[in-house]
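Colleague: Okay, here's the structure, questions in a sec.
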Amino acid sequence: MTTPVISVRDLRCRYGQHEAVRGIDFEVQAGELFALLGTNGAGKTTTMETVEGHREPSSGVVRVFGRDPWQDRSIRRRTGIMLQEGGFAGDLTVLETARLGGALTTRPSDVDGTLAAVGLAGRRDVRVRQLSGGERRRLDLALALLGEPDLLFLDEPTTGMDPESRRATWDLVRGLLARGTTVLLTTHYLEEAERLAHRLAIMHEGRIAVSGRLVDVLAAHRARIGFDVQRGTALPPLVGTAEVTGTRVEVRTPDLQRDLHTLLTWADGRVELRGLRAHHATLEDVFRGVREEVLVA
């Protein structure tokens, strides 16, 4: 069995009396994208900073490439880090900033190629202060990619980007994964995690509430069917549970195909299912489930 690129065991991080991370475990294998998700204040950024080697854990074991990232700074030669907010000198141009970043890394860097990869080749002579928020995020990404790191940390990478730039960034990340780069991602865009992640963990109040392969996490939650019918309409027997609010019916089902077939067969020639929508569970459903479980508890 291969050694994971990242291994976290019983990680705890405290700020005074406040325990921001409360004993979490996860692994990231070579060549996969692991999405670390959660609400604001869940402990994601603290966890990222600890794995990156920027913060010493209060307790627990963190290993990156089999080494302690806090004690062994040589690990940083193999990593690229895109922080949630980058700090740039506004008077430098995009090219000057990238060249400075390339000079600070020990790995050979193709500055021009990297700027082209993130869509900034045409903005290379523009001063950083003149860039839009989305362009600055792309410059952040370019600096993280210099030297083709084996492990890439992406903290909210597409915040502020327009939809086209976001999709281009997703394609870029897919290309990196295809070449064997390992990625640890945090994002508030659940669609981003669904499009890119092989495995994920959802944090809440410092703990991991849900984790596993993306396909398994989604399969463990019920699919949804929604439609409108006349008030008081008697529904056919379903595998799932139907909730009726006025004319709107919401069905949560473990067998989407079976219940959808039952509904369509029953409705054919009898009633109109207005506004019909059917979909498997999404990460939004999983998030909602985590919050509901916490509220019930």
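Colleague: Which percent of Cα pairs goes in each bin when the distances of the chain are cut into 5 angstrom slices starting at zero?
Modeller: 1, 5, 11, 13, 14, 13, 11, 9, 7, 6, 5, 3, 2, 1, 0
Colleague: Please give the direction-averaged projected area of the C-alpha convex hull for the range 173-297, in square nanometres with one decimal. It would help to have the intermediate numbers written out before the result.
Modeller: Details: hull surface 40.3 nm².
The number I arrive at for the range 173-297 is 10.1 nm².
Colleague: The range 1-54: D in µm²/s via Stokes-Einstein (Kirkwood Rh, Cα pairs, 10 °C, 1.306 mPa s)?
Modeller: Working: Rh = 12.1 Å.
The diffusion coefficient I find is 131 µm²/s.
Colleague: Given charges of +1 on the Cβ of Lys and Arg and -1 on the Cβ of Asp and Glu, with all other atoms neutral, how large is the dipole of the range 112-173 about its Cα centre, in debye to the nearest 20? Write out the running numbers ahead of the final one.
Modeller: Working: 9 positive and 11 negative charges, 69 e Å.
Approximately 340 debye in magnitude.
Colleague: For n ≥ 4 DSSP H runs only, could you compute -39500 (n - 2.57) per run for the chain, divide by its residues and tell me the 222 nm figure to the nearest 500?
Modeller: My calculation for the chain gives -9500 deg cm²/dmol from helical runs alone.
Colleague: Also, I was wondering about something else. Any chance you could give the angle, 0 to 90 degrees and rounded to 10, that helix 94-104 forms with the longest Cα principal axis of the chain?
Modeller: Helix 94-104 sits roughly 70 degrees off the main axis of the chain.
Colleague: Against the longest alpha carbon principal axis of the chain, how many degrees, from 0 to 90 and to the nearest 10, is the axis of helix 133-145 turned?
Modeller: Relative to the chain, helix 133-145 is tipped by roughly 60 degrees.
Colleague: At 0.36 nm per residue, minus the direct Cα-Cα distance, what do R129 and A220 gain on full extension? Give it in nm, one decimal, please.
Modeller: Numbers: separation 91, 0.36 × 91 = 32.76 nm, distance 4.66 nm.
Full extension of this stretch gives 28.1 nm more.
Colleague: So, with +1 on the Cβ of K and R and -1 on the Cβ of D and E, and no other charges, what is the size of the charge dipole of the range 222-280 about its Cα centre, to the nearest 20 debye?
Modeller: Numbers: 9 positive and 7 negative charges, 24 e Å.
In total the dipole reaches around 120 debye.
Colleague: Which FRET efficiency, nearest 0.05, do A103 and R277 yield, Cβ-Cβ r, R0 45 Å? Please list the in-between numbers first.
Modeller: On the way: r = 53 Å, r/R0 = 1.18.
Between A103 and R277 the formula returns 0.25.
Colleague: Return one number: the angle in degrees, 0 to 90 and rounded to the nearest 10, between the long axis of the Cα atoms of helix 163-178 and the longest principal axis of the Cα atoms of the chain.
Modeller: It works out to around 70 degrees.
Colleague: How big is the dipole moment of the chain about its Cα centre under a simple scheme where the beta carbon of each Lys and Arg is +1, that of each Asp and Glu is -1, and everything else is neutral? Debye, nearest 20, please. Working shown, then result.
Modeller: Numbers: 40 positive and 41 negative charges, 29 e Å.
Value, rounded to 20: 140 debye.
Colleague: What translational diffusion coefficient, in µm²/s and rounded to a whole number, does the Stokes-Einstein relation yield for the range 1-157 at 20 °C and a viscosity of 1.002 mPa s, taking the hydrodynamic radius as the Kirkwood radius over Cα pairs? Intermediate values should be presented prior to the final figure.
Modeller: On the way: Rh = 16.8 Å.
Result for D is 128 µm²/s.
Colleague: Sticking with this one: Would you work out the relative contact order for the chain, in percent, from Cα pairs under 8 angstrom that are 6 or more residues apart?
Modeller: On the way: 558 pairs, mean separation 56.5, N = 297.
Dividing the mean separation by the residue count of the chain yields 19 percent.
Colleague: Largest first and in whole Å, what are the equivalent-ellipsoid semi-axes of the range 222-280 based on the Cα gyration tensor, each being the root of 5 times an eigenvalue? Mind dumping the intermediate values first?
Modeller: Details: eigenvalues 53, 32, 20 Å².
Value: 16, 13, 10 Å, ordered largest first.
Each value in this text was obtained by applying a stated rule to the coordinates, not by laboratory testing. This structure is a prediction, so every number in the text was calculated from the model and none was measured. Here the Cβ is made from the backbone with ideal geometry for all residues, glycine too, and neighbour counts use every protein chain on show.
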